[in-house]
Amino acid sequence: MTVSVKTKVGAVVVGAVIVTGAVLGVMSIEPISQGHAGVVYNRSHGVEEKALGQGWHLVSPFERVTEYPVSTETVKVDKFNVQTKDGKPLTVELSYDYSNSLEKLPYIYNKFKGQDSETIQSGWLQTRIKKATLNVFSRYSVLEVFQHQGDINAEIEKEFRSTVEEHGFIIDSVTLGAPTPDKKTSQAIQAVVDAQQKLEQLEIEKKQTKVQAEKDIEKAKGESEAKRITAEGEAKANEILRKSLSDEIVNYKAIEQWDGKLPQVTGGSTPMITIPKNK
């Protein structure tokens with residue numbers, strides 16, 4: 001009877017150990033999502049130097065694994081207000097693509113006290129990109145903002161990257177949406193734009209008037225030159241004709257045009273035709 005009781009007790013203990021082992025074994029399987037790596041924190045000696053890659057891993061039930069993205073992720077930043085160099089308020093929205101440096105994951109875990117990536121994104125990273133955006137916008141007037149959006153985007157990206165990369169965050173790109181002014185600022189911008197367009201139109205008209213005036217001057221010069229050339233040609237022709245008119249030619253022309261009737265000379269009975277003598 002005693003042996004039977006001991007056997008039963010032993011069987012219960014063994015069963016409990018097996019069940020406990022099975023439970024502990026299941027608890028020790030840690031899956032790491034695709035594009036992520038896991039930082040292992042051991043309660044006895046702290047953070048492991050090497051992070052876990054994607055897939056299934058067996059870890060001690062006394063260890064905690066925190067995942068961080070090592071492939072590129074896109075983070076959208078909530079809309080917020082900035083101020084330009086001339087004190088105009090604008091509302092901006094942006095997003096950025098980033099990943100965590102695999103080598104620096106243990107450092108990231110320690111720096112942010114085990115916070116997950118979503119908490120870091122909505123906290124420390126968001127604060128840094130907003131600060132970079134505020135700094136860049138403060139260097140531009142409200143008109144310059146809408147004239148140099150590409151440059152502003154590039155400057156925000158550069159400043160944000162230089163701020164966070166030393167802490168293990170790899171910034172791939174920053175995308176800035178079109179800034180939105182308030183109603184009063186929008187009206188002021190439109191007034192300036194209208195004035196600039198009017199000035200540009202006046203400049204265009206001024207240039208067109210100048211071009212037309214130059215064309216008229218050239219046309220007048222051309223007409224004057226044509227008249228001068230014509231006058232010179234006529235004068236030269238007349239001079240040539242004058243020099244070529246001898247008495248013989250004059251009489252010859254007269255004979256050519258004679259209609260056969262003798263001219264009547266008053267006071268005389270004999271009509272006369274003057275024939276020049278040979279010299």
Quick one: would you say Q115 is in contact with a strand residue (DSSP E or B) (Cβ under 9 Å, 6 or more places away or on another chain), surrounded by fewer than 19 Cβ atoms within 10 Å (Cβ to Cβ), modelled with pLDDT under 95 and closer than 25 Å to T72 by Cβ?
-> yes
Meets criteria (in a strand (DSSP E or B), within 36 Å of the chain's Cα centre (by Cα) and surrounded by fewer than 12 Cβ atoms within 10 Å (Cβ to Cβ)) for D97 | no
Is one or more of the residues making up the range 180-197 under 20 Å from the mean Cα position of the chain (by Cα), β-branched (V, I, T) and at pLDDT 95 or above?
-> no
Select from the range 33-46 the residues that are of a type in the set (A, V, I, L, M, F, W, C) and either over 48 Å from the mean Cα position of the chain (by Cα) or modelled with pLDDT under 85 (or both) and list them in ascending order.
-> none
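Residues are listed down the side, and each one gets a yes or a no for (1) in a helix (DSSP H, G or I); (2) surrounded by fewer than 16 Cβ atoms within 10 Å (Cβ to Cβ); (3) of a type in the set (F, W, Y); (4) touching a helix residue (DSSP H, G or I) at 6+ places or on another chain (Cβ under 8 Å):
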{"position": "Q121", "(1), (2), (3), (4)": "yes, no, no, no"}
{"position": "I129", "(1), (2), (3), (4)": "yes, no, no, yes"}
{"position": "A132", "(1), (2), (3), (4)": "yes, no, no, yes"}
{"position": "V136", "(1), (2), (3), (4)": "yes, no, no, yes"}
{"position": "Y140", "(1), (2), (3), (4)": "no, no, yes, yes"}
{"position": "L143", "(1), (2), (3), (4)": "yes, no, no, yes"}
{"position": "G150", "(1), (2), (3), (4)": "yes, yes, no, no"}
{"position": "N153", "(1), (2), (3), (4)": "yes, no, no, no"}
{"position": "E159", "(1), (2), (3), (4)": "yes, no, no, yes"}
For H57, the lone unmet condition from (1) in a strand (DSSP E or B); (2) at pLDDT 85 or above; (3) surrounded by 12 or more Cβ atoms within 10 Å (Cβ to Cβ); (4) of a type outside the set (V, I, T) is (2)
Count, please, the residues in the range 79-88 that happen to be touching a residue at least 24 places away in the same chain (Cβ under 8 Å) and surrounded by fewer than 17 Cβ atoms within 10 Å (Cβ to Cβ).
-> 4
Looking at (1) surrounded by 13 or more Cβ atoms within 10 Å (Cβ to Cβ); (2) farther than 28 Å from A51 by Cα, find the lone condition where N110 falls short.
-> (2)
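The values are calculated or read from the model by the stated rules, or taken from the named source; none is laboratory data. Because the structure is a prediction, the values reported are computed rather than measured. Every residue, glycine as well, gets a Cβ built from its backbone with ideal geometry; the counts of neighbours run over all protein chains shown.
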